[in-house]
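A.B. asks: Let me give you the structure first, and then I'll get to my questions.
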């Protein structure tokens, strides 16, 4: 089990699927569609010193600055973490 520390929140994002074009238009091989800067993620666990830990819940959806997500590859798995100040909003039921 992984437990974040130092204001980190462990999240899970949906992997982006390659976009296919059905129009038959050929695009350059180095073409990349513009990605959104912010992404919806699911909260898995968080450090005890997260500044808004009383507002977080397991499996809660949050909006995160995608450029600040850190991926840790360890023992054959990938763990995604983000510092608490890069979580821009919480979805509250």
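A.B. asks: Failed condition for residue 53, given (1) more than 12 Å from residue 9 (Cα to Cα); (2) over 15 Å from the mean Cα position of the chain (by Cα), with all others met?
C.D. replies: Condition (1) is where residue 53 drops out.
A.B. asks: Can I ask one more? Kindly indicate which of 9, 5 is surrounded by 14 or more Cβ atoms within 10 Å (Cβ to Cβ) and at pLDDT 95 or above.
C.D. replies: Checking each option against the conditions leaves just 9.
A.B. asks: Within the group 50, 43, which residue is in a loop (DSSP other than H, G, I, E, B), in contact with a strand residue (DSSP E or B) (Cβ under 7 Å, 6 or more places away or on another chain) and surrounded by 10 or more Cβ atoms within 10 Å (Cβ to Cβ)?
C.D. replies: 50
A.B. asks: Consider residue 81 carefully, then state whether it is touching a helix residue (DSSP H, G or I) at 6+ places or on another chain (Cβ under 9 Å), surrounded by 11 or more Cβ atoms within 10 Å (Cβ to Cβ) and modelled with pLDDT of 95 or more.
C.D. replies: No, not satisfied.
A.B. asks: Looking only at segment 58-75, filter to residues that are in a loop (DSSP other than H, G, I, E, B) and loosely packed, with under 12 Cβ neighbours inside 10 Å; which one of those is farthest from the chain's Cα centre (by Cα)? Break it down stepwise before answering.
C.D. replies: Residues of segment 58-75 in a loop (DSSP other than H, G, I, E, B): 58-60, 69, 75.
Applying the additional criterion that residues be loosely packed, with under 12 Cβ neighbours inside 10 Å yields 58-59, 75.
Details: 58: 14, 59: 13, 75: 20 Å.
The qualifying residue farthest from the chain's Cα centre (by Cα) is 75.
The values are calculated or read from the model by the stated rules, or taken from the named source; none is laboratory data. All figures in this text were calculated on a predicted structure; none of them were measured in a lab. In this analysis, Cβ positions are derived from the backbone assuming ideal geometry, glycine residues included, and neighbour counts consider all displayed protein chains.
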